[in-house]
Every structure is written in C-alpha cells, then in structure tokens.
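Q: Before we start, here is the structure in question, set down as structure tokens.
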Amino acid sequence: MNEKHYDAAIVGAGMSGLAAGIRLAQFDRNVCILEKHSVYGGLNSFYRRNGRNYDVGLHAMTNYVPKGTKGGPLSRIIRHLRMSWDEFGLVQQNGSSIAFPGVELNFTNDFERFETEVAEKFPEQIDGFRRMVAGLAGYDQLGMGAAGGSAREYVSGYISDPKLVDMIFCPLLYYGGAREQDMEFGQFCVMFRSIFLEGFARPFDGVRHILFKLVKRFKSLGGEIRLNAGVKEIVRNRSDEVDHIVLDNGEEIYAKRYLSSAGWPETMKLCGLESHVEERSIGKLGFVETISVLDKAPSRNGHDKTIVFFNDSDRFDYKNPSSLVDLRSGVVCVPGNFAYGKPFQDNMIRITALANYDLWRKLTPEEYRRQKLVQYEKTLESAARFVPDFRRHVIDVDMFTPLTIQRYTSRERGAIYGAADKRYDGLTPLRNLFICGADQGMVGIVGALVSGVVIANRYALSD
C-alpha cells in the first residue's frame, strides 16, 4: 500500500509550518511537511525572473531588536528554535515614514524618534499618546488568548485627533489588518510593538535567506519536506479525528497529529467540513503589488527611506475597495534601503495597495492582462505623489494581484491576512487536527514563527 506514517504531518511549508516542524523535530518527533508548490515559504516566498531574485510577501521583518536583547518575541522565538541570532542575518532599516496630507511622521527602530515626531506634529496629543503606549506594555505576545474589543476605541480614548489615530493605524493595518477599518485590541498590541516599539529589519538576501536557514535547521533534525505534494483530501474517521491525508498523487499520509497552516476555510474544505466555514472565516481584504526594477539605486534618485506608508485624504479608508485598486493609499518599500553597509545590487521599488478580488476575478484573461498594465501605471502615479518620481528609470516590472496569491497559495480570495475572526486556540472540530499561521491569529514572519511553535508546544508534543 502506498502510505507513510509519521508522528506529525504539517500542511504547508510556510513560516509557521517550518517553525512547528523544527519544534517537533527537536523532541525527536518524526515529522513530514507537505507543500503543494516547488518552493517553500507560502505567503512569504521567493522566485526568480529575468535573472533577478524577487521576494513574495516580505517587505521587512518586524519585531527587530539588537543582538543580545533579552526580551521581545524575536529573541524568544530564536531561542525556541535553538538557532543563533546571526543565522537570521538581520539588518535594520534606514528610516521610514507615514505621509498624510500636510503632515509626515518619520520613525526608525528607535521609538524615541517616533515619539518626538508625534510631539512636534501633534503637540496637543502627546500626553495622551504616551498614556496610550503605556497601556500596551503588559500584553503577552506569546500567549494563546485573544484580547478582544476595538483597538480604535482604545486609541481614541487617549487621542482625540482622528488624523493621528489614522496615521497610527495605517502601517499596522497594511502589515497585518484582516478586518476592515479596525483591529482587535490584542492584534493592535502585537502590531504596534512589532512596528513602532521594535522595528524593521531585513536580511541582505531577502526572505530566501530566512527560509534556507529554517529548512536547513529542520532537515538537520531529521525532518522531511515534501515539495510538489499538494493535499487532495483530509480524511476523517468515525471518532472525529483525522484518519489520514490523501495527496494529489494518491499517496496516503498517516500521523498521530496533524497541523495545517493552509488557513481555516481551506482546511475545513479539505476535511469536507464546509459547514464550519462561516462568512467571517473568509478574508475580504486583498492587495496588488507592483515591483519596479530601476536602472540605478533609488537612493541616487533622492529616495533614501526604507518604507513609506501614504494616504492622500484626511481619513484613512482601509476596506475592500469598489474599484480594482484603491489608489488613495499604499505602501512603498525599497529593499535596498536598509543599513547593509555594502552595495545592494537589486534596485527595486515595491508598491502595495488594496485591491478588490471579485472585480479582478470577473475579468476575462485578455482584460486581466490589460488591467495589470493599466493598474501598474496608475499605482506608480499614485505613489509618485509621496516619493521621488522614479518612473523614467524603470527597466523591468512585475505585478501580482489577489488572483496571483490565490493561485500560488490556495488562500481564499487571495486574502493574505486571512479571516477577520481568528482561531486563537488553534482547535478544529477534529481532535488531532490543529490550525497554525495567520488564521490562528499571528501575522508577519515573527508572528507566523510564534504561531507554529505555540501550536506545536501545546498540542503536538504530548504523547
């Protein structure tokens, strides 16, 4: 019979799946990670095109703290994975900003810079801002529980200027917001700390550097990764458990416990449990991203900031747009604008904006290709209002839409941050199947690593 047996089988070789696999393999569990594509990484992956390396997902790794720092989720997750700080090769940002009409807040990985900017630009709000930040200090980022309630209500209780409230939320929502306009308070605590209190960093070689290190660590512990191993079905037995997994090629995978980073609706459908997929279980927020390769470094064109979050209105409208792309706001990231200390060869600018999945899906193949060209130009035109205009220096381009994300990750509607309602406990209707990753409640690279370790610790290490 074409079947294999393991202590644990993990669906998806993204950050959370790899972290869970490492954690289990550390304790001598026989672990197999199943990945449908030919490369690992999931929502944070990589590819090569026209002789150039491209990242998918990663703009910057959040939660950065200097080497030797005792606290913080990044330091703790490195210890949990039993890896060294230097293996991640992280280099911090040059500096970023949030640009709204008439005001710009600059920030670095030194929180005092951001606090000073708020004091200068919003002097009447600084006392409330400081009290608001003080109230976030005790939230446990490696816990399993949710701290419910509206984050906007919390912030507005301290800050009365709606523009400042929106400027605070703009980076947090763009880098982790699964809900329209707001975040759950617990998510806000995590995201605020990861971006403002700690900060941005990136390896010189991008996301592939982190993935290579994680895969090497997993394999060194005896773990098995199966690429091109798509899951066709998760088969249940009469005891409300997973009996086995059937791959696309018909092979059967048996394990004592199963973890899935594929997402809640995606996992439930594989189990034949569509009745457990409520409307709020499916993410509604999609994005486009343009990638422009320039004939010279962006810094030589006057653009030395790492990331610029922009919005052209007094209020920030974070919701599923009524057009293919919402051109009113976005994120401009320059992968070369980190403090590498050596020449960076890939002269790229990446721009992210909200997009409507349903409108993209309705296009014919011909119109889809045409609109990618049209929306690419419009997205660059929108961003050029907030950063030095680089369009005449573009020598190569690429672009993805929510349909691209759905195609390569199987994520429903291409919603990279998953469902608005998270499954913080990681439990499913099946006793030996558990959820990790974005739909469990943690986003970003560090968040995904935390999710994989937490779920593995809690459910897959007991005999």
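Q: Within the range 425-443, is there a residue that is surrounded by 22 or more Cβ atoms within 10 Å (Cβ to Cβ), part of a helix (DSSP H, G or I) and not assigned by TED's automatic domain parsing to the domain that holds Leu34?
A: No; the residues of the range 425-443 include none that is surrounded by 22 or more Cβ atoms within 10 Å (Cβ to Cβ), part of a helix (DSSP H, G or I) and not assigned by TED's automatic domain parsing to the domain that holds Leu34.
Q: Can you give me the number of residues within the range 16-33 that are crowded, with 24+ Cβ neighbours inside 10 Å and either of a type in the set (A, V, I, L, M) or assigned to a loop (DSSP other than H, G, I, E, B) (or both)?
A: 7
Q: Another one. Considering Ser292, Ser313, Ser323, which residue is part of a loop (DSSP other than H, G, I, E, B), in contact with a Phe, Trp or Tyr (Cβ under 9 Å, 6 or more places away or on another chain) and not aromatic (Phe, Trp, Tyr)?
A: Ser313
Q: Within the range 230-279, take every residue that is among the basic types (Lys, Arg) and surrounded by 16 or more Cβ atoms within 10 Å (Cβ to Cβ) and give me the one that is nearest to the chain's Cα centre (by Cα).
A: Lys269
Q: A further question follows. Just to check your reading of the model, which residue among Leu211, Leu227 is surrounded by fewer than 19 Cβ atoms within 10 Å (Cβ to Cβ) and of a type outside the set (Ser, Thr, Tyr)?
A: Checking each option against the conditions leaves just Leu227.
Q: Here's a follow-up. Quick check on Ser38: is it free of Cβ contacts under 8 Å to residues at least 24 places away in the same chain, surrounded by fewer than 20 Cβ atoms within 10 Å (Cβ to Cβ) and over 16 Å from Val453 (Cα atoms)?
A: no
Q: Can you pull out the residues in the range 172-191 that are at pLDDT 95 or above and in a helix (DSSP H, G or I)?
A: Residues satisfying the conditions are Leu172, Leu173, Tyr174.
Q: Quick one: Val387 ticks every box in (1) within 16 Å of the chain's Cα centre (by Cα); (2) assigned by TED's automatic domain parsing to the domain that holds Val325; (3) in a loop (DSSP other than H, G, I, E, B); (4) hydrophobic (A, V, I, L, M, F, W, C) except a single one, so which number is it?
A: The number of the failed condition is (1).
Q: Cβ contacts < 9 Å: first residue modelled with pLDDT of 95 or more, restricted to the range 312-328; second residue surrounded by fewer than 16 Cβ atoms within 10 Å (Cβ to Cβ) and among the β-branched types (Val, Ile, Thr), any location; separation 6+ or different chain. Result?
A: Leu324/Val374
Q: Sticking with this structure for a sec: Name every residue in the range 1-27 that is acidic (Asp, Glu) and closer than 23 Å to Gly41 by Cα, in order of residue number.
A: Selection gives Asp7 alone.
The values are calculated or read from the model by the stated rules, or taken from the named source; none is laboratory data. As the structure is a prediction and not an experimental result, all values here were calculated from the model. Virtual Cβ from ideal backbone geometry, glycine too; neighbours counted across all protein chains shown.
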